[in-house]
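The values are calculated or read from the model by the stated rules, or taken from the named source; none is laboratory data. Since this is a predicted model, take the numbers as computed values, not measurements. Because the Cβ atoms are built from the backbone with ideal geometry, glycine has one as well, and the counts that use them run over all protein chains shown.
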Amino acid sequence: MTAIYFVTHYFFPSHSNNHKAKIIHTSSLLFLSLFLLLYQILLHSAPLAGIKILGYAANIPPDEIIRLTNQKRAEAGQPALQYSSILANAANSKGAHMFENDYWAHVAPDGTEPWKFFTDVGYKYKYAGENLARDFSNPNDVIEAWVTSPSHKENMLSSKYKEIGIAVVEGDLNGVDTTIIVQFFGTKLVDTTPQIPVAVAKPEVTSIPISPTKPIPTLISTPIPTSAPFIALVSPQPSISEQKLIVETSPTMEKASGLKILISPFQSTKSISIMTTALLLLVMVTDGIIVSRRKIPRIGGRTFAHLAFLGMILAILLIARAGKIL
């Protein structure tokens, strides 16, 4: 099979393919679908086979996250948050803990809550909150994702908070290189008036003030009704005295043996899907033009409907963005 014959057979209507490009035959479309499915299966099963996917690392400066957060607060008429190196250290510890224990959640599988990391660095707080994000390529996308979520936006714009700490932590999560952004909010106990407690109940975020007279916090269970897929956390308890620790980011890449592949699961899947969809669109347009000019009769042809469907898929793929919030 010569190259010319291959191109003509698969991409143009001719005698060899019954005047319909072979790539848009049912058998070829089924093959393409199976290929995409198999690729996804391989991506998800690669870590189980000891193959490390070194996929997603982003350069997101913590100070830019703070600047954009304060910009959103200014737009909402709220005062700017002050940077706290202690909160940054607590956020870094939370990110490292997620990689070490291989989880993506506010609460660890062993029950460790975010507030433990405040306690560990000695941040004695009246109010505390947490936003999480992962696999974003730039700070603006992170902030916009948080702002579009009611619970995360409530954390960012809350008047209860006075300080902020950010950690951008890179590591291996479930066999894939990942970048996690941890955003911690806090107000020190000494900066508040404990005799006037404030309780705020929102659809997705609950704040519980705790009296500073109890050195040992008591676990309080508060139901949090939600309508959003991801919930930002606000603290239930205060902690111990303050220490001076300064750590902003910590790359905690897990050292693992075995084959390592540099690939972004999301970007590679998106690129392959866009190329496949664009190719099918081009072939269908060419096929339709040639068939129309040659006046070739075709039973059951719905070229326009197929083009509209593929065009919609291509549009969705083009606007798709990586990144998750929690």
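Within the stretch 143-166, the set of residues being among the small types (G, A, S), assigned to a helix (DSSP H, G or I) and crowded, with 22+ Cβ neighbours inside 10 Å comprises just one member, S151. Among the residues of this structure, F117 does not count as one that is more than 15 Å from F184 (Cβ to Cβ) and buried (at least 16 other Cβ atoms within 10 Å of the Cβ).
Regarding L38, is this residue over 30 Å from E130 (Cα atoms), at pLDDT 85 or above and out of contact with any helix residue (DSSP H, G or I) (no Cβ under 8 Å at 6 or more places or on another chain)? It is true that L38 is over 30 Å from E130 (Cα atoms), at pLDDT 85 or above and out of contact with any helix residue (DSSP H, G or I) (no Cβ under 8 Å at 6 or more places or on another chain).
Which of (1) under 19 Å from I325 (Cα atoms); (2) surrounded by fewer than 16 Cβ atoms within 10 Å (Cβ to Cβ); (3) without any contact (Cβ under 8 Å) to a residue 24 or more places away in the chain does N140 not meet, given it meets every other one? N140 satisfies every listed condition except (3).
To keep it simple, each residue is scored yes or no on (1) modelled with pLDDT of 85 or more; (2) surrounded by 12 or more Cβ atoms within 10 Å (Cβ to Cβ); (3) outside the structural domain of T269 (by TED's automatic domain parsing); (4) among the small types (G, A, S).
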site: K22; (1), (2), (3), (4): yes, yes, no, no
site: H25; (1), (2), (3), (4): yes, yes, no, no
site: L29; (1), (2), (3), (4): yes, yes, no, no
site: L43; (1), (2), (3), (4): no, yes, no, no
site: I53; (1), (2), (3), (4): no, yes, yes, no
site: R67; (1), (2), (3), (4): yes, yes, yes, no
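For the stretch 1-23, the set of residues classified as under 44 Å from the mean Cα position of the chain (by Cα) and touching a residue at least 12 places away in the same chain (Cβ under 8 Å) consists of H9, Y10, F11, F12, P13, K20, A21, K22, I23, listed by residue number. For the stretch 80-102, filtered to residues that are in contact (Cβ under 8 Å) with a residue 40 or more places away in the chain and in a loop (DSSP other than H, G, I, E, B), the residue that is surrounded by the fewest Cβ atoms within 10 Å (Cβ to Cβ) is D102.
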